[in-house]
Every structure is written in C-alpha cells, then in structure tokens.
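J.: Got a structure for you, questions after.
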Amino acid sequence: QVQLVESGGGSVLAGDSLRVSCAASGRTFSSYAVGWFRQAPGKERDFVAGIDWSGGRKQYADSVKGRFTISRDSAKSTVYLQMNSLGPEDTADYYCAAARRFQLVTSLREYDYWGQGTRVTVSS
C-alpha cells in the first residue's frame, strides 16, 4: 500500500513560481510511475505531468510544456512539480497519483493511488 501526501500549494500572483511536493510512504514507491493531475472548479481532472519509475522519461500536457517540470527524489520518496510563469488558468486542485507500473502513463484510470490534493490559486 502507498499513501501520498501533497504539499506546497498556495495563493500566488500571475507570473510567480510555486513548487508542489508529493511525499509517499511505502517501500515500493520507487518502482512506480507517478503523475500530477489538476482539477479546476466545475471541470474534470486532467493530466498535467508524468514521470516513469527511473525519472528518465517525462511527459507534459501541452498547456504546461516549457513552464512546469516534474522530478523525483527516490531517496526521499518524493515527487515534485515545479511550476513557473503561473497564470490564472493554472488555478486548480493539484493531485499526485502513483501507478503500479514502471512506465509513464497519462490516463487517470491507470493510476492506483491518489493523494488528497493541494490547492493552487493564481491571481492576475
């Protein structure tokens, strides 16, 4: 079993940067792919970024490419999402998720474990 806890959300101004973290418990986390999703009010939960078990492969939604960076520190069992040049359109609850597979996946249905989310609010 894996438990995920997100942190680092908050309220920022457009153009600011923010880093959210996902800390995991469970010895097998280092062998899992991890993804970040976000859900804006009244909208579906969408894929933002994903990383494979080794950290060697990453993928981003078009809307965040060039602005967001996903990374993982296996020694700390933590995955990060660095968000730069934030805009109001990035306002959402951000969730991390872990999939019991090595390969990176982008579909919400492929993920087995979810955190409780952390809220990011960007004001113009």
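The values are calculated or read from the model by the stated rules, or taken from the named source; none is laboratory data. The structure presented is a predicted model; accordingly, all values stated were derived computationally and were not measured. Counting neighbours? That spans all protein chains shown, and the Cβs are built from the backbone with ideal geometry, glycine included. These area figures cover heavy atoms from the full protein model, side chains too; ligands, DNA and RNA do not enter into them. Shrake-Rupley method; radii C 1.70, N 1.55, O 1.52, S 1.80 Å.
J.: Are any of the residues in segment 54-65 modelled with pLDDT of 95 or more, assigned to a strand (DSSP E or B) and β-branched (Val, Ile, Thr)?
T.: The answer is no, given that none of the residues of segment 54-65 is modelled with pLDDT of 95 or more, assigned to a strand (DSSP E or B) and β-branched (Val, Ile, Thr).
J.: A further question follows. Just a yes or no: is a residue in segment 19-26 modelled with pLDDT under 95 and not aliphatic (A, V, I, L, M)? Talk me through it step by step, then tell me what you get.
T.: First, pick out the residues of segment 19-26 that are modelled with pLDDT under 95: 25-26.
Adding the requirement that they be not aliphatic (A, V, I, L, M) leaves 25-26.
Yes, that holds for at least one residue.
J.: While we're looking at this one, here's another question. Are there any pairs, at least 6 apart or on different chains, whose C-beta atoms fall under 9 Å, with the first in segment 90-107 and within 13 Å of Ile51 (Cα to Cα) and the second buried (at least 22 other Cβ atoms within 10 Å of the Cβ) and among the charged types (D, E, K, R), and if so, which?
T.: Filtered contacts from segment 90-107: Cys96/Glu6.
J.: Could you please find all residues in segment 72-87 being of a type in the set (Gly, Ala, Ser), open to solvent by 50 Å² or more (accessible area, probe 1.4 Å) and part of a loop (DSSP other than H, G, I, E, B)? Show your work before the answer.
T.: From segment 72-87, those of a type in the set (Gly, Ala, Ser) are 74-75, 77, 85, 87; that's our starting set.
In the following step, the residues that additionally are open to solvent by 50 Å² or more (accessible area, probe 1.4 Å) were identified as 74-75, 85.
Within segment 72-87, just Ser85 meets the criteria.
J.: I'm told Phe29 meets every condition in (1) open to solvent by 70 Å² or more (accessible area, probe 1.4 Å); (2) part of a helix (DSSP H, G or I); (3) in contact (Cβ under 8 Å) with a residue 24 or more places away in the chain; (4) not basic (Lys, Arg) except one. Can you identify the failing condition by its number?
T.: (1)
J.: With respect to the numbered conditions (1) open to solvent by 50 Å² or more (accessible area, probe 1.4 Å); (2) of a type in the set (Lys, Arg); (3) closer than 23 Å to Ser85 by Cα, which one is the sole condition not fulfilled by Arg38?
T.: (1)
J.: Can I ask one more? Which one of these is modelled with pLDDT under 95, out of contact with any Ser or Thr (no Cβ under 6 Å at 6 or more places or on another chain) and aliphatic (A, V, I, L, M): Ala75, Ala98, Ala49? Please lay out each step first, then the result.
T.: Numbers: Ala98 fails: modelled with pLDDT under 95; Ala49 fails: modelled with pLDDT under 95.
Only one candidate qualifies: Ala75.
J.: Just one of the numbered conditions (1) over 18 Å from Thr106 (Cβ atoms); (2) in contact with a Phe, Trp or Tyr (Cβ under 6 Å, 6 or more places away or on another chain) is not true of Ala14; which one?
T.: (2)
J.: Here's something else I'd like to know. Are there any pairs, at least 6 apart or on different chains, whose C-beta atoms fall under 9 Å, with the first in segment 59-71 and exposed (fewer than 14 other Cβ atoms within 10 Å of the Cβ) and the second of a type in the set (Gly, Ala, Ser) and part of a loop (DSSP other than H, G, I, E, B), and if so, which?
T.: Final answer for the pair search is Gly66/Ser85.
J.: While we're looking at this one, here's another question. Tell me which residues, restricted to segment 101-123, are in contact with a Phe, Trp or Tyr (Cβ under 7 Å, 6 or more places away or on another chain) and outside any loop (DSSP other than H, G, I, E, B).
T.: Leu108, Trp114, Thr118, Val120
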